[in-house]
Amino acid sequence: GLKIQKKEVKEPVVLEEKDYIYDKNFTCIVCDKEFSSKIMKTGKAKLIGTDIDLRYRYEGIDSIKYDVVTCPRCGYSALLKYFPMTTAAQGKLIKANIYGKVKLPALTGETYSYEDMMERYKLALVCSIVKRAKDSEKAYVCLKNAWLLRGYAEELELKNQLTEEMRQEMKAQELEYIQNALEGFINAVQKESVPI
């Protein structure tokens, strides 16, 4: 008789946050240490929209958590796009003011948590000020700090761990970062001839 072949129904592959990231190697411009940091894979995550202030939203991952790089030895911290662009003079400023003064716990998990990244983003802002970065860089770090806070609040909300007091405090912090970012971008346009 005829054999009826049953079609195998494949379960859809459900990707987790760890599937969207990889370890990228860096050499610190300040202290020459080689280390790795988790970075989001380009083109892997599906963009599902943007917030009113252009924060990208991806399915399965908050890309903001993977956009800052911190040297585990000296503490130099910067957004991924700025990390390798530090000059020798800026490196000296970081060495004099940051090296040995900051000790963050090592990142050991498969993914980064918002708690892990809060201090690293604050440190990226401090480093951008210490190295006398352009206003546009400092503004961008402020904006990303705001987005990180927003993502953290959203995660706490989903877990039913966000109290009204925390919500108000985090919103106030987020707005302060956004205000600083706005002022920084305005200064950048006036001083740095940034095209608009």
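Only the coordinates and a few stated rules stand behind these numbers; no lab work does. Here the structure is a predicted model, which means the values were calculated and not measured. Cβ: placed from backbone, ideal geometry, glycine included. Neighbour counts: every protein chain shown.
Things worth noting here:
- In the chain, the inverse of the mean reciprocal separation of distinct Cα atoms equals 18.6 Å; this is its Kirkwood hydrodynamic radius.
- Among the listed pairs K101/K122; K18/K46; K24/K131; K65/K122; K38/K65, those beyond 20 Å (Cα-Cα): K24/K131
- When the P(r) of the stretch 72-188 is calculated, the portion above 24 Å amounts to 32% of the C-alpha pairs.
- Contact order, relative form, for the stretch 48-166: 26 percent (alpha carbon pairs under 8 Å, 6 or more residues apart, mean separation divided by residue count).
- Stretch in the chain that is longest and holds no GluC sites (Glu not before Pro) that DSSP places in a loop and that have at most 16 other beta carbons within 10 Å: 111-196
- Computed [θ] at 222 nm, helices only, for the chain once each DSSP H run of length n ≥ 4 contributes -39500 (n - 2.57): -14000 deg cm²/dmol
- Note that the stretch 56-139 shows a convex hull volume over its alpha carbon atoms of 98 Å³ per residue.
- When Rg and the Kirkwood Rh are both derived from Cα coordinates, the Rg/Rh ratio for the stretch 118-169 amounts to 1.11.
- Whole-number D in µm²/s for the stretch 8-103 (Stokes-Einstein; Kirkwood sum over Cα pairs; 37 °C, 0.692 mPa s): 213 µm²/s
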